[in-house]
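Chemist: Encoded as structure tokens, here's the structure I'll be asking about.
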Amino acid sequence: MSEAPIHEQPPLPVGPASANPPLSAPGDDPRWFQRAVFYEVFIRGFFDYNDDGTGDLPGLVAKLDYLQWLGVDCLWLLPFYPSPLRDGGYDISDYRAVHPDYGTVEDLGTLLREAHARGIRVIADLVINHTSDQHPWFVESRQDRTNPKADWYVWNDDDQRWPEARVVFVDVERSNWAYDPQRGQYYWHRFYGHQPDLNYENPDVADAMIDVMRFWLDLGLDGFRLDAVPFLFQRDGTSGENLAETHAFIRRVRRVLDAEYPGRILLAEANGWPVDVADYFGDGDECHLCFHFPLMPRLFMAVRREQRYPITEILAQTPEAPRGAQWATFLRNHDELTLEMVSDEERDYLFAEYAKDPRMKRHMGIGRRLAPLLERDRRLTELLFALLLSLPGSPVLYYGDEIQMGDNLYLGDRDSVRTPMQWTPDRNGGFSRADFAQLYLPPLMDPVFGFAAVNVEAQRRNPSSFLHWMRRMLAVRRQFPIFGTGEFEALPCANPSILAFVRSAREEDRVDGSGANPVLGIHNLSRFSQPAELHLGRWAGTQPFELLGRVPFPSVGSHPYPVTMAPYGFLWFELVDEAAVFPSELSLLGGVLPEESL
Amino acid sequence: MSTPDELVTTDAITPGNVESITTLIGAYVDRQGRWNDDGGDGDGAAGSTGPVSLRSASVVRHGRPGLLSVVAGVGGNDIHVVVGLRAPGEEVVFLADADESPLGIFEDEEGLALAYDATADAEFMVLLLDAVTGEQADPDRVRRVAVTRDAVALSFDDRLAFTVFQLLPEGGGPNPGLELFLALDRVGFNHVLAPITRWRIDSTDLGIVQEYQVGAAGGWVLALTSLRDLYASGGAPEQAGGDFAAEARHLGTMTARMHLGLDEAFGRKAGDVSAWVDAVESSVQGADPGLLVDEGVATMLSDLRASGSRCAAIRTHGDFHLGRVARTDQGWFVVDFSPGGVPAFGAGAVSEDGVAYRSPLADVADMLWSFHHVANVAVTERDPSGRLGLESLAQAWEVRNRRAFLAGYLHTPGIGGLVPPVRDTVRKLASAFELERSATKLAAEP
């Protein structure tokens, strides 16, 4: 572990170990990621262990008990590698080390060991498309045209090749080519000019990148989020995106993982329409997870329009992930709320509804955290998380959203949503004991979202807090893995504000015993109470048990099943065969978590 | 686009059964109370409707359970009833909201049976679906989705929709709404539920089986959702979360495509704006002559007459409003084509061989009036006393969504050939049709 803290951090109370039984150890359950809840950690902003004003890996280790108590299954770490930090760490200058701000490789090993001991897995961002221009590979490559790394990057004598390839950062880059006077050639870069693309035509590059993966996997990392994955190869006359060669390389990586590191995963970041992104699942032989970008803005649209169609339309266009694969879903993350995957009309609507202040706009999206986006409406926030946790996909939470943290619109670019985690009402929100001026970003201090009002310590003491609600929801999701693996079927309902669906066990899951009773989810997207009549004839003879309280509801018959939904309310039911329910058992069905664990 | 199969059932009932079938139909009609001479609206008020005159009866399925398809004249209407026959003691799987008692006793060479309204029984309907289409379905997943004066619609497995026509055209023959729908489908208009099988005897349509859109919700309900949000939040409708304008714009585009499809399917006639204005004036004169005194109305009608504009006349929907359309995961659909192109109001029609051709703007006017109507119904529901002053919000909502609907309609490529070339004339003509609709509708209300 790196430099010891100046002050000993007070230990946080830990819930009973039985409250959140760990997932099986890595390697035991190859489908763990389909049932898991992911938690995205911005290490720099999570907890500062050595009091230098910047969050670090030992700080994350110190907060693992909290994350275990919360009930997350897997951490996703943003880039922690050495980097000039000209692109938030996505410009890596050394693939086999840890940025000194965050600690050391040994610190990461400690994190992995301690996380696994708590049943928590850890994956990390890995940028394989490009490096920083300060990476030794590029420094060597640009020296001349004959050095050993000369063709590790994509060089050309002019800047005219591949005109069909779009410029991704069109607001700051004019071309995908940049001239290097030292070598006297142009190099290819799909993102910033300081991020030269690696040349995957060179087998040495592909081998080197796989060796980089082995390095971290040997340390115990449970997988990678592959950043900017569509751009690995170039071909004349194409856009240079999603090429067959790229898929072939991912399949090769997957074979390495399956053969040498079973149970480890690949998560693809490919911002596109589901039907295109689904290619990265391959035939179950490429990525385990792919982010589902278009669902997120449509969740926000649906609750403002008070109708289900924005959600059901995109789900209807979403191919089912092959067995052994899964969509990854989210409400917010470390970037802006991207609106690339909506129509111009929908984007205008979302800007009007969620970014009334021009400062809220960032690039092609909205730079706000979840709670301020929803004007801190507790019921609405709960509804959106209920949808995230029950719709198909593995949900990814963003640090701080479990306590409804706010943002700082006056910080540049995407720093507005990367302010320090608010642990306590004390100095610097309990994030760091460094001088305030030394902090990487100022913590929130406003009266509504500031750390004095919104912090982990206060919410842990209050059983009715949002944090406790979230913990309870994660426990329910864990108890019903069908949320992760079950089939999804939308139910007809004449009321357009009601989104109802059933998650039921797939045929193959019924065979291996991991299948379970179907779960019925009913969600009211309206601020008003709404009636719903659901046609549940197929499940006639079952009794619905509400999942949070295990309250038995009237049995399902052949007639429409009437339900009254509270404003922004949701109900989750397990549909239990009546023959399996005995009156004497009803009284034994208690809550999901024992009261003493609250 | 698809071509539905056709099934014609021709088995005759023995003459000896005529009386008992007539009795069953009489019992059914008395129970439903939907086909009185006064055109009852199907509110369920039972009552005698006069003598039943059996027109035809066919065996759709022999044995027990068995099915008969019966057409009878009742109170000036021709109605169609599907009778289900069950051996005494057999289990009955009644659908929700259905009358569960038998219509009576029936006997034929296969023995004694209890007779039921088959559209109220899941198992009968599964058998009927099988007989008509060859499709199998789960009785537990049959449900009634609509019961109107004209028809009963049921869904099967959330996969198929079966509309059984009950009120038939006088003297039999094709169902006019079905003709419109199938013609639109043939020309590739894809905002309708795709047809699977057309059920008919001789030339009389008895039903239609279509693909079912599981996530559909009615246009009226969706508009109310938007209005509730606006009335609760106040402010400008464009700033309300439940803003309906995007939906209205897409609905306008879908409406234009429907008209282009009808034009392609049935062709067009030359329309005369002046003649239509005369018809509007005459119609309003009969319903609410005070409206014509208004200076603005008089000027509008005068301008239209003076415009000398030409406008195409096409087959139209005839009664196009928010209740006839539904929002689905694939966008807006037209889900109800009754009254089959026969306009509910008189103006704008060019009749040829008994078929009404009229300005497509008459349908547009119907929908615009529907926006007005739903906004005001929502006000009345929320604030019957008028103390909250929601009328201004209703008006703003209406204005915004009328504009959006018209923008979607008029910006659809090709629609310019069907409406007058001058936008001002388009607006005024639509307003004239809407004036007629409003006056006639209000005059018809008690």
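The values are calculated or read from the model by the stated rules, or taken from the named source; none is laboratory data. Being a predicted model, the structure only gives us computed values, none of them experimental. Glycine gets a Cβ as well: all are built from the backbone with ideal geometry, and neighbour counts include every protein chain shown.
Chemist: Restricting attention to segment A:371-392, does a residue exist that is over 14 Å from the mean Cα position of the chain (by Cα), of a type in the set (Ser, Thr, Tyr) and under 21 Å from A:Leu75 (Cα atoms)?
Modeler: The answer is yes, given that some residue of segment A:371-392 is over 14 Å from the mean Cα position of the chain (by Cα), of a type in the set (Ser, Thr, Tyr) and under 21 Å from A:Leu75 (Cα atoms).
Chemist: Looking only at segment B:192-204, decide whether some residue is within 14 Å of chain A (Cβ to nearest Cβ) and under 30 Å from A:Ile311 (Cα atoms).
Modeler: Of segment B:192-204, the ones within 14 Å of chain A (Cβ to nearest Cβ) are B:193.
From what's left, under 30 Å from A:Ile311 (Cα atoms): B:193.
Within segment B:192-204, one or more residues are within 14 Å of chain A (Cβ to nearest Cβ) and under 30 Å from A:Ile311 (Cα atoms).
Chemist: When you look at B:Glu100, is it closer than 22 Å to B:Gly33 by Cα, out of contact with any helix residue (DSSP H, G or I) (no Cβ under 6 Å at 6 or more places or on another chain), within 14 Å of chain A (Cβ to nearest Cβ) and at pLDDT below 90, yes or no? Can you show your working first?
Modeler: On the way: closer than 22 Å to B:Gly33 by Cα: yes; out of contact with any helix residue (DSSP H, G or I) (no Cβ under 6 Å at 6 or more places or on another chain): yes; within 14 Å of chain A (Cβ to nearest Cβ): yes; at pLDDT below 90: yes.
Against the criterion (closer than 22 Å to B:Gly33 by Cα, out of contact with any helix residue (DSSP H, G or I) (no Cβ under 6 Å at 6 or more places or on another chain), within 14 Å of chain A (Cβ to nearest Cβ) and at pLDDT below 90), B:Glu100 qualifies.
Chemist: Counting just the residues of segment A:422-450 that are in contact with a Leu (Cβ under 8 Å, 6 or more places away or on another chain) and in a helix (DSSP H, G or I), which one comes out surrounded by the most Cβ atoms within 10 Å (Cβ to Cβ)?
Modeler: A:Gly429
Chemist: Follow-up question, since we're still on this one. Scan segment B:303-337 residue by residue and report those that are of a type outside the set (S, T, N, Q) and assigned to a strand (DSSP E or B).
Modeler: Quick first cut of segment B:303-337, residues of a type outside the set (S, T, N, Q) only: B:303-306, B:308, B:310-315, B:317-327, B:329, B:331-337.
Those that are of a type outside the set (S, T, N, Q) and assigned to a strand (DSSP E or B): B:Arg310, B:Cys311, B:Ala312, B:Ala313, B:Ile314, B:Val325, B:Ala326, B:Arg327, B:Gly331, B:Trp332, B:Phe333, B:Val334.
Chemist: While we're on this one: With away from every other protein chain (no Cβ under 12 Å) and in contact with a helix residue (DSSP H, G or I) (Cβ under 7 Å, 6 or more places away or on another chain) as the only criterion, which of B:Val284, B:Val293 stands out? Reasoning before the result, please.
Modeler: Working: B:Val293 fails: in contact with a helix residue (DSSP H, G or I) (Cβ under 7 Å, 6 or more places away or on another chain).
Checking each option against the conditions leaves just B:Val284.
Chemist: Same structure again: Test each condition in (1) of a type outside the set (Asp, Glu); (2) in contact with a Lys or Arg (Cβ under 8 Å, 6 or more places away or on another chain); (3) farther than 19 Å from B:Gln239 by Cβ; (4) assigned to a helix (DSSP H, G or I) for B:Pro420 and report the one that comes out false.
Modeler: With respect to (1) of a type outside the set (Asp, Glu); (2) in contact with a Lys or Arg (Cβ under 8 Å, 6 or more places away or on another chain); (3) farther than 19 Å from B:Gln239 by Cβ; (4) assigned to a helix (DSSP H, G or I), B:Pro420 is out only on (4).
This table checks each residue for (1) basic (Lys, Arg); (2) over 20 Å from the mean Cα position of the chain (by Cα); (3) closer than 18 Å to A:Glu345 by Cα.
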position: A:Phe281; (1), (2), (3): no, no, no
position: A:Glu286; (1), (2), (3): no, no, no
position: A:Leu289; (1), (2), (3): no, no, no
position: A:Leu299; (1), (2), (3): no, no, yes
position: A:Ala302; (1), (2), (3): no, yes, yes
position: A:Tyr309; (1), (2), (3): no, yes, yes
position: A:Glu313; (1), (2), (3): no, yes, yes
position: A:Glu320; (1), (2), (3): no, no, no
position: A:Ala325; (1), (2), (3): no, no, no
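Chemist: Still on this structure: List the strands (runs of 3 or more DSSP E) that sit entirely inside segment A:107-193 and contain at least 1 residues that are of a type in the set (Lys, Arg). Walk me through how you get there before you give the answer.
Modeler: Details: elements: A:121-127, A:177-180, A:185-188.
Of the strands (runs of 3 or more DSSP E) lying wholly inside segment A:107-193, those with at least 1 residues that are of a type in the set (Lys, Arg) span A:121-127.
Chemist: Mind checking whether some residue in segment A:95-109 is modelled with pLDDT of 95 or more and in contact with a strand residue (DSSP E or B) (Cβ under 7 Å, 6 or more places away or on another chain)? Even if it seems obvious, please write down each step before you answer.
Modeler: Looking only at segment A:95-109, we keep the residues that are modelled with pLDDT of 95 or more, and these are A:95-109.
Filter once more, keeping what is in contact with a strand residue (DSSP E or B) (Cβ under 7 Å, 6 or more places away or on another chain): none.
No - not one qualifying residue is present in segment A:95-109.
Condition check ((1) within 14 Å of chain B (Cβ to nearest Cβ); (2) closer than 24 Å to A:Leu289 by Cβ; (3) modelled with pLDDT under 95; (4) touching a Phe, Trp or Tyr at 6+ places or on another chain (Cβ under 7 Å)) across all residues:
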site: A:Trp469; (1), (2), (3), (4): no, no, no, no
site: A:Leu474; (1), (2), (3), (4): no, yes, no, no
site: A:Glu489; (1), (2), (3), (4): yes, yes, yes, yes
site: A:Cys493; (1), (2), (3), (4): yes, no, yes, no
site: A:Arg506; (1), (2), (3), (4): no, yes, yes, no
site: A:Ser514; (1), (2), (3), (4): no, yes, yes, no
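Chemist: Also: Scan segment B:434-446 and give yes if some residue there is in the same structural domain as B:Gly290 (by TED's automatic domain parsing), at pLDDT 90 or above, more than 20 Å from B:Leu224 (Cα to Cα) and in contact with a Cys (Cβ under 8 Å, 6 or more places away or on another chain), otherwise no.
Modeler: Scanning segment B:434-446, I find no residue that is in the same structural domain as B:Gly290 (by TED's automatic domain parsing), at pLDDT 90 or above, more than 20 Å from B:Leu224 (Cα to Cα) and in contact with a Cys (Cβ under 8 Å, 6 or more places away or on another chain), so the answer is no.
Chemist: Taking B:Ile208 as meeting all but one of (1) among the β-branched types (Val, Ile, Thr); (2) more than 7 Å from chain A (Cβ to nearest Cβ); (3) in a helix (DSSP H, G or I); (4) under 18 Å from the mean Cα position of the chain (by Cα), write down the number of the exception.
Modeler: (3) is the only condition that B:Ile208 fails.
Chemist: Working only within segment A:298-320, note down all residues that are outside any loop (DSSP other than H, G, I, E, B) and away from chain B (no Cβ under 14 Å). Outline the logic, then answer.
Modeler: Of the residues in segment A:298-320, the ones outside any loop (DSSP other than H, G, I, E, B) are A:298-305, A:309-316.
Selection gives nothing.
Chemist: Another question, if that's okay. All but one of (1) within 14 Å of chain A (Cβ to nearest Cβ); (2) surrounded by 20 or more Cβ atoms within 10 Å (Cβ to Cβ) hold for B:Trp220; state the number of the condition that does not hold.
Modeler: Every listed condition holds for B:Trp220 apart from (2).
Chemist: Tell me, which residue of segment A:128-173 that is surrounded by 12 or more Cβ atoms within 10 Å (Cβ to Cβ) and of a type in the set (Lys, Arg) is farthest from the chain's Cα centre (by Cα)?
Modeler: Once the filter is applied, the top-ranked residue is A:Arg145.
Chemist: Quick test of your reading of the structure: A:Thr419 fulfils all but one of (1) assigned to a helix (DSSP H, G or I); (2) buried (at least 20 other Cβ atoms within 10 Å of the Cβ); (3) touching a residue at least 60 places away in the same chain (Cβ under 8 Å). Name the failing condition by number.
Modeler: Condition not satisfied by A:Thr419: (1).
Chemist: Here is a list: B:Ser274, B:Ser307. Which entry is farther than 24 Å from B:His373 by Cα, in contact with a Ser or Thr (Cβ under 9 Å, 6 or more places away or on another chain) and free of Cβ contacts under 8 Å to residues at least 40 places away in the same chain? Step through it out loud before you land on a result.
Modeler: On the way: B:Ser307 fails: free of Cβ contacts under 8 Å to residues at least 40 places away in the same chain.
Just one listed residue meets the conditions, B:Ser274.
Chemist: Do you know which of the residues in segment A:516-569 that are under 32 Å from the mean Cα position of the chain (by Cα) and basic (Lys, Arg) is nearest to the other protein chains (Cβ to nearest Cβ)?
Modeler: So the residue we want is A:Arg527.
Chemist: Okay, moving on. I need a count of the residues in segment A:491-514 that are within 22 Å of A:Met473 (Cβ to Cβ), without any contact (Cβ under 8 Å) to a residue 40 or more places away in the chain and outside any strand (DSSP E or B).
Modeler: 2
Chemist: Name the residues in segment B:236-295 that are among the acidic types (Asp, Glu) and either more than 24 Å from the chain's Cα centre (by Cα) or more than 30 Å from A:Asp357 (Cβ to Cβ) (or both), would you?
Modeler: Looking only at segment B:236-295, we keep the residues that are among the acidic types (Asp, Glu), and these are B:238, B:243, B:247, B:263-264, B:272, B:278, B:281, B:288, B:294-295.
Within segment B:236-295, B:Glu238, B:Asp243, B:Asp263, B:Glu264, B:Asp272, B:Asp278, B:Glu281, B:Asp288, B:Asp294, B:Glu295 qualify.
Chemist: Listed residues B:Gly84, B:Gly75, B:Gly111; which is among the small types (Gly, Ala, Ser), touching a residue at least 40 places away in the same chain (Cβ under 8 Å) and in contact with a strand residue (DSSP E or B) (Cβ under 6 Å, 6 or more places away or on another chain)?
Modeler: Details: B:Gly75 fails: in contact with a strand residue (DSSP E or B) (Cβ under 6 Å, 6 or more places away or on another chain); B:Gly111 fails: in contact with a strand residue (DSSP E or B) (Cβ under 6 Å, 6 or more places away or on another chain).
None of the other options fit; the residue is B:Gly84.
Chemist: Here's another thing I want to ask about it. For segment B:168-205, give me the residue count where each residue is assigned to a helix (DSSP H, G or I) and under 18 Å from B:Leu260 (Cα atoms). Give the derivation first.
Modeler: Of segment B:168-205, the ones assigned to a helix (DSSP H, G or I) are B:176-186.
Adding the requirement that they be under 18 Å from B:Leu260 (Cα atoms) leaves B:177-186.
Total satisfying the criteria: 10.
Chemist: If B:Ala270 satisfies every condition in (1) part of a helix (DSSP H, G or I); (2) surrounded by fewer than 19 Cβ atoms within 10 Å (Cβ to Cβ); (3) away from chain A (no Cβ under 12 Å) but one, which is the exception?
Modeler: The failed condition is (1).
Chemist: When you look at A:Glu382, is it surrounded by fewer than 24 Cβ atoms within 10 Å (Cβ to Cβ), at negative phi and either modelled with pLDDT under 90 or basic (Lys, Arg) (or both), yes or no?
Modeler: Working: surrounded by fewer than 24 Cβ atoms within 10 Å (Cβ to Cβ): yes; at negative phi: yes; either modelled with pLDDT under 90 or basic (Lys, Arg) (or both): no.
So A:Glu382 does not fit the description; no.
Chemist: From the set of residues in segment A:321-380 that are without any contact (Cβ under 8 Å) to a residue 40 or more places away in the chain, assigned to a strand (DSSP E or B) and farther than 12 Å from A:Asp407 by Cα, which is farthest from the other protein chains (Cβ to nearest Cβ)?
Modeler: For segment A:321-380, the residue satisfying everything is A:Gly365.
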